[in-house]
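Novice: Below is a structure I'd like to ask you about.
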Amino acid sequence: MLTVLAFIVAIALLIAVHEYGHYRVAVACGVRVLRFSIGFGKPLLRWQSKTSGTEFVLALFPLGGFVKMLDEREAPVAPAERHLAFNTQSLGRRSAIVAAGPAANLLLAVLLYSVVNWTGVQVPAAILAPPQAESMASQSGLVGGERVVRAALDGEAETEVRSFEDLRWQLTRGALEGRDVRLWVQAEKTSSEREFLLRLSTLDNNEVDARMFQKMGVMGPLTRPVMGDIMPDSAAAQAGLRAGDEVTQVDGKPILDGQGLRMLIRQSVVNGKAPTQVWTLLRDGQRLQLNVTPQVVQENGQAMGRIGAYVGAPPEQVLVRYGALDGSWQALVKTWDVSVLTLKMMGRMLIGEASIKNISGPLTIADYAGKSAGMGLTQYLIFLALISVSLGVLNLLPVPVLDGGHLMYYLWEGVTGRPVSDAWMERMQQGGIAILMLMMAVALFNDVSRLFG
């Protein structure tokens, strides 16, 4: 229920903001708006403005919306009202009205990111977990436990890293743009800094997923290898493990963090069986050993080890908060960076340098909406900001039927001095619909594969 509600609220809000952008600028330009609708299908609520005559509608299916303006191309217009029609406006005004929708989504993202920056958010600190052998982080000399304080993409100035999310964002940019990333870190309990280079320009991966970060060697923040809740009758319970136990060794191999312990459990299956492991741990200051036999389960067709317990203490948290001006500026920068990265990713998919598996559809969006809402208001606002940026950028693409497609028509009109002919307009609209249908099909396929595959 939370997932459905969070998804409906998100989509309805983002569409309402988008359409309000069109509406507000149309009114400011002197265009008469006949109907402002959020959703399609049977109207649930409707009311009419006594001053402007605009009909406002909330319809049954909130997965879209529209602003219907007075327009001679759609219906006859009385000569006395011709100056209020959209098609009679100047090229600049028509362009402003069309661009206002995507612009409203981008401005909403800036506002949402600003609110998050002003109120502050508790997030994992940028403390590195021990990297896997042969990963880029391991090859660079990182061993785990280092706190990342600054980062820089090749050719850019250093930026402060205040959280693990900041670090992950810089690494994502570096991987997608094929640029090396420099990290300045402090070892545990020291203030001296060392510089490390991750050669992400050599990373042969066109999909943003866990495998990409596994190759980097930066899967998550450092977590102490402490046992959490133990499920009754699980492998952990049968072995005598208790919440609060800190694991120091498994079969004589040192355990440095919760992530490493989880991987060791998952990869314990050999020839369909999980051998008994000897765990050394600390309990109430006392050292003891227990024999633990992971349970074998099937996950995506592969045999994995499980012990039926929460493994790893929560990572160290830091409060990231900005002042009024700095928070607004950081929000603007974040919105710009996400927009540029989105466009670059789309461009790489277009020329085959990035996988189309990165395209997400409504099922994935709904899943993320529910998960972010379950994590609290701040995470939900961050999710809304990200989707708002995506919606704004998508609508600015030069694809017929989208706002960017109409702006493309107006660019032609501005350059040639004449509008696109009706025949060409019809052909391009049909092509635009075909492109959107193809994108939707790919997105739904990816959703089903990602969530149910």
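Novice: What FRET efficiency would be calculated for the residue pair Ala423, Phe61, taking the C-beta separation as r and a Förster radius of 41 Å, to the nearest 0.05? Mind dumping the intermediate values first?
Specialist: Numbers: r = 33 Å, r/R0 = 0.79.
Between Ala423 and Phe61 the formula returns 0.80.
Novice: Between beta-carbons, use under 14 Å as the cut-off and find the net charge around Gly260, counting Lys and Arg +1, Asp and Glu -1. Walk me through the numbers before you get to the answer.
Specialist: Details: positive: Arg224, Lys253, Arg262, Arg266; negative: Glu246, Asp251, Asp257.
So the environment of Gly260 carries a net charge of +1.
Novice: Please identify the helices of the chain, taking whole runs of DSSP H, that span at least 30 Å along their own axis as judged from the Cα atoms and have a mean Kyte-Doolittle score of -1.0 or higher.
Specialist: 2-28, 91-119, 324-350, 422-452
Novice: Can you give me the relative contact order of segment 1-62 as a percent, contacts being Cα pairs under 8 Å and 6 or more apart?
Specialist: Details: 75 pairs, mean separation 18.1, N = 62.
Across segment 1-62, relative contact order equals 29 percent.
Novice: Continuing with this model, one more query. In debye, nearest 20: dipole of the chain around its Cα centre with unit charges on the Cβ of K, R (+) and D, E (-)?
Specialist: On the way: 41 positive and 40 negative charges, 122 e Å.
Taking the Cα centre of the chain as origin, the dipole is about 580 debye.
Novice: Next question, about the same structure. Between rounded, prolate and oblate, where does segment 372-453 land on the alpha carbon gyration tensor, with a ≥ b ≥ c its root eigenvalues, rounded for a/c under 1.5, else prolate if a/b exceeds b/c? It would help to have the intermediate numbers written out before the result.
Specialist: Values: a/c = 5.51, a/b = 1.85, b/c = 2.98.
Taking the square roots of the gyration eigenvalues as a ≥ b ≥ c, segment 372-453 is oblate.
Novice: While we're on this one: How large a share of the accessible area of the chain, in percent, is made up of carbon and sulfur atoms when the probe is 1.4 Å and the other protein chains stay in place? Could you put the intermediate results ahead of the total?
Specialist: On the way: 14570 of 24410 Å².
Roughly 60 percent of what the probe reaches on the chain is carbon or sulfur.
Novice: If you filter segment 168-230 for GluC sites (Glu not before Pro), then keep DSSP loop positions with at most 10 other Cβ within 10 Å, what is left? Numbers along the way, then the final one.
Specialist: Details: sites: Glu177, Glu188, Glu193, Glu195, Glu207; in loops: Glu188, Glu207.
Here the GluC sites (Glu not before Pro) that fit, given the DSSP loop and packing criteria, are Glu188.
Novice: Additional query: Identify, among Gln238, Ser163, Met219, the residue whose Cα sits farthest towards the positive end of the charge dipole of segment 142-265, taking +1 on the Cβ of Lys and Arg and -1 on the Cβ of Asp and Glu, with the dipole about the Cα centre.
Specialist: Farthest towards the positive pole: Gln238.
Novice: Right, something else. Please list 333-344, 221-232, 290-301 highest first by mean number of surrounding beta-carbon atoms within 10 Å per residue. The partial results should precede the final answer.
Specialist: Numbers: 333-344: 16.6, 221-232: 18.2, 290-301: 13.9.
Result, highest mean Cβ count within 10 Å first: 221-232, 333-344, 290-301.
Novice: Run through segment 155-242 and list the trypsin sites (Lys or Arg not before Pro) located in a DSSP loop whose Cβ has at most 10 other Cβ atoms within 10 Å. Don't skip to the end; give the middle numbers.
Specialist: Values: sites: Arg162, Arg168, Arg173, Arg179, Arg182, Lys189, Arg194, Arg199, Arg211, Lys215, Arg242; in loops: Arg162, Arg179, Lys189, Arg199, Arg242.
Qualifying residues, ordered by number: Lys189.
Novice: List the relative contact order of the chain as a percent without decimals, with contacts defined as Cα pairs under 8 Å and 6+ residues apart. Each step should come with its number before you reach the end.
Specialist: Working: 822 pairs, mean separation 74.5, N = 453.
Relative contact order, the chain: 16 percent.
Novice: Rounding to the nearest 20 debye, state how big the charge dipole of segment 62-217 is about its Cα centre with +1 on each Lys and Arg Cβ and -1 on each Asp and Glu Cβ. Please list the in-between numbers first.
Specialist: Details: 17 positive and 20 negative charges, 59 e Å.
Taking the Cα centre of segment 62-217 as origin, the dipole is about 280 debye.
Novice: What does the C-alpha gyration tensor say about the overall shape of segment 237-330? Classify as rounded when a/c is under 1.5, otherwise prolate if a/b is larger than b/c, or oblate. Walk me through the intermediate numbers first.
Specialist: On the way: a/c = 3.26, a/b = 1.74, b/c = 1.88.
It is oblate, given that a/c is not under 1.5 and a/b is not larger than b/c.
Novice: Additional query: Taking the solvent-accessible surface of protein heavy atoms with a 1.4 Å probe, what is the per residue accessible area of the chain in Å²? Please list the in-between numbers first.
Specialist: Details: 24410 Å² over 453 residues.
Ligands and nucleic acids excluded, the figure is 54 Å² per residue.
Novice: Please label the shape of segment 283-344 as rounded, prolate or oblate, based on the square roots a ≥ b ≥ c of the eigenvalues of the alpha-carbon gyration tensor (a/c under 1.5 means rounded; beyond that, a/b larger than b/c means prolate, else oblate).
Specialist: Values: a/c = 6.69, a/b = 1.84, b/c = 3.63.
Verdict is oblate for segment 283-344.
Novice: Okay, next question. Taking Cα pairs under 8 Å and at least six residues apart, what relative contact order does segment 353-453 come out at, in percent? Before the final figure, lay out the partial values.
Specialist: Details: 68 pairs, mean separation 38.8, N = 101.
Contact order relative to length: 38 percent.
Novice: Using each residue's phi in segment 192-198, evaluate 6.51 cos²θ - 1.76 cosθ + 1.60 at θ = phi - 60° and report the 3J(HN,Hα) Karplus result to the nearest Hz, with x for Gly and Pro.
Specialist: Each residue's phi maps through the Karplus curve to give 6, 10, 10, 10, 10, 10, 9 Hz.
Novice: Please sort 345-351, 304-310 by packing, taking for each peptide the average over its residues of neighbouring beta carbons within 10 angstrom, highest first.
Specialist: Details: 345-351: 13.9, 304-310: 20.7.
In decreasing order of mean packing, 345-351, 304-310 become 304-310, 345-351.
Novice: Checking the cross-link filter: which lysines have an alpha carbon closer than 25 Å to that of Lys42, excluding same-chain neighbours under 8 positions apart?
Specialist: Within the straight-line limit of under 25 Å, Lys42 reaches these lysines: Lys50, Lys68.
The values are calculated or read from the model by the stated rules, or taken from the named source; none is laboratory data. Quick caveat: nothing in here was measured; it's all calculated off a predicted structure. In this analysis, Cβ positions are derived from the backbone assuming ideal geometry, glycine residues included, and neighbour counts consider all displayed protein chains. The area values use the complete protein model at the heavy-atom level, side chains included, leaving out ligands, DNA and RNA. Shrake-Rupley method; radii C 1.70, N 1.55, O 1.52, S 1.80 Å.
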